[in-house]
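Below is one structure, written out as structure tokens, with a few remarks after it.
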Amino acid sequence: MFIREKRISCGWYMETDLIPRTDNAERAVRGKRSKKKRLSRPSQDNLNDKNSARYCSLLANGNFRNKKDYWLTLTYDLKYMPKNQEEAEKQVRNFIRRLKDQYKKIKQELKYILVTEYREDEETGELSHFHHHLIINGVLSRDAVEDTWSTGRGKKKTTLGRANCQMLQFSEEGIADLAHYISKSRFGKRGRKKWSSSRNLKRPYIQSNDYKFTPAQIEAMAASNDNGADKLMKIYDRYFITEIAAKNYDQTGWHLYLRMWRNKEVPWVTEYQREQIQENRIKKFLNQKE
């Protein structure tokens, strides 16, 4: 058995999985530190898929900033409600195009992640209740962004529905909880979500190392009162670790999952918050052991 360190980084954000490997096939390809390569993009047609949701979360955390960028929700008034997915995509594409035009006027470039949510009737397959969520870089005022969710010009200009633009506010997990929210269907099994993003976002990269940790080290850290935070912060000294999750599996033993930001990129974390995060790590550890 050996421990594979799998780093997935995007911009200033990184997730690290420390996982035991026991399969003979894995042993055959066991190697030293691999070259950094771009993480494959999963299907964007289903945000309910675990890999797709994680990729979306990586993009969000690696490209957008706390209390500078925006979280936007767009809904439709009844008379403008799209009849099908094509109409919904056309409306939101027009909205994005108008935003891009406004950004270009001030020599800025729009960055975004878009999630379109709708409900599918189990019997007829009919789609309804379309609405959109976006994360965008905060260049315009929030009023200007909301005002762009409209149709027509001049006196004929009318809103398509409700537009709610809020400042992004990170938790100790960054935008992870927000990304989880948009990946969770409000319509249960009937809900569907499709997502896309602008091409100018930094993309996630993956790199692995099979010789950095031993199973005994991982087990000792998982058994400590902070899930190994003290040691891990020394190993990843260029980063600030905001979450360490330890999980034990019968066949392979302890796994550790980390979230972290480069130190210079987390001014939103105050010293008080750092202390609170450390306390939360201990609380999570105690809850896991109960």
*For the pair Met167 and Asp101, how long in nm is the line joining their label points, each one 7 Å along Cα→Cβ?*
3.0
*asked:* Longer than 19 Å from Cα to Cα, which of Lys6/Lys247; Lys37/Lys234; Lys90/Lys202 are they? Say none if no pair is.
replied: Lys37/Lys234; Lys90/Lys202
*Using modelled amide H (1.01 Å from N, peptide plane; none on Pro or chain starts), what sits under 5 Å from the amide H of Tyr118, excluding residues fewer than 5 places away?*
Arg192
*Efficiency by 1/(1 + (r/R0)^6): what FRET value for Lys155 and Asn263, r their Cβ-Cβ distance, R0 = 41 Å, to the nearest 0.05?*
0.20
_Could you check the spin-label model distance between Glu86 and Ser224? Points 7 Å from the Cα along Cα→Cβ, value in nm._
5.9
*What's the FRET efficiency of Ile206 with Met233 using the Cβ-Cβ distance as r and R₀ = 25 Å, to the nearest 0.05?*
0.65
*Once phi is turned into θ = phi - 60°, what whole-Hz ³J(HN,Hα) does the Karplus curve with 6.51, -1.76 and 1.60 give for every residue of the range 5-20, x standing for Gly and Pro?*
8, 10, 9, 10, 10, 8, x, 8, 10, 8, 10, 10, 9, 10, 10, x
*Would you please put 249-259, 129-139 in order of how densely packed they are, using the mean number of other Cβ atoms within 10 angstrom per residue and starting with the highest?*
129-139, 249-259
*Going 7 Å from the Cα of Glu126 in the Cα-to-Cβ direction, what parts of the range 56-86 have a backbone nitrogen less than 15 Å from that spot?*
81-85
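Every number here is computed from the coordinates shown, using simple stated rules; none is lab data. Quick caveat: nothing in here was measured; it's all calculated off a predicted structure. Every residue, glycine among them, receives a Cβ derived from its backbone with ideal geometry; neighbour counts consider all protein chains shown.
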